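Input: a single structure, listed below in C-alpha cells.
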Amino acid sequence: MDLNSHQEWLADFYHQRGWDTYSPQIGINFMTEEVGELSRAVRTMEIGRDHPGERKASDAKMMANLREEMADVLDQVLFCASKYGVRADELLRGSEEKLTKRFEGRD
C-alpha cells in the first residue's frame, strides 16, 4: 500500500464515522494526544516506565506499541493534510526538496 492510497482510505474511514466533520484545529488536538502516546512509547523503549502499577513489557510488545503509536501519528498528519487537499506524495516531495535545497553544497 502506498501513502496516497492509505490517505484516501483513511479519509473514507473517517467520513463513515463522521470524524471528518471535526475542524483541522480539533484534529491537531487529536494529533497532539497521539504524539504524547508516541513519546511514552519511545520513553518505554529507551529508559523504561518504572511504574509500580505496571509490569515490564516484553521487547516485542514494546515494539508493537511503538509501531502502533507511530502509525497513529502518521494517520493524524495524513488526515490533516487531506482536510486541506494536500496529498501524501506532495508532503514527501516537499520535504525532500526543502532538505535538498537547504543543505545543497554542504556535503
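What follows draws every value from the coordinates through simple rules; no lab data is involved. Worth saying up front: this structure is predicted, and the values here are computed from it rather than measured. No Cβ is skipped: glycine too gets one built from the backbone with ideal geometry, and neighbour counts run over all protein chains shown.
Some observations on this one:
- Loop-resident trypsin sites (Lys or Arg not before Pro) (DSSP state other than H, G, I, E or B) in the range 1-89 with no more than 10 further Cβ atoms inside 10 Å of their Cβ: ARG55.
- The angle separating the long axis of helix 24-46 from the principal Cα axis of greatest extent in the chain is about 40 degrees.
- Axis angle, to the nearest 10 degrees, between helix 59-83 and the longest C-alpha principal axis of the chain: 30 degrees.
- Additional length obtainable on full extension of the chain from ALA71 to MET1, 0.36 nm per residue less Cα span: 23.8 nm
- Once the Cα-Cα distance is subtracted from the 0.36 nm per residue extended length, the LEU99 to ILE26 segment shows a gain of 23.4 nm.
- Angle between the chain longest axis and helix 88-102 axis [Cα atoms, degrees, rounded to 10]: 90
- DSSP-assigned coil residues among GluC sites (Glu not before Pro) in the range 13-107, each with at most 15 further Cβ atoms within 10 Å: GLU54, GLU104
- Full-extension gain in nm, GLU37 to SER58, via 0.36 nm per residue minus C-alpha separation: 5.8 nm
- Cα gyration tensor, the chain - rounded (a/c under 1.5), prolate or oblate: oblate
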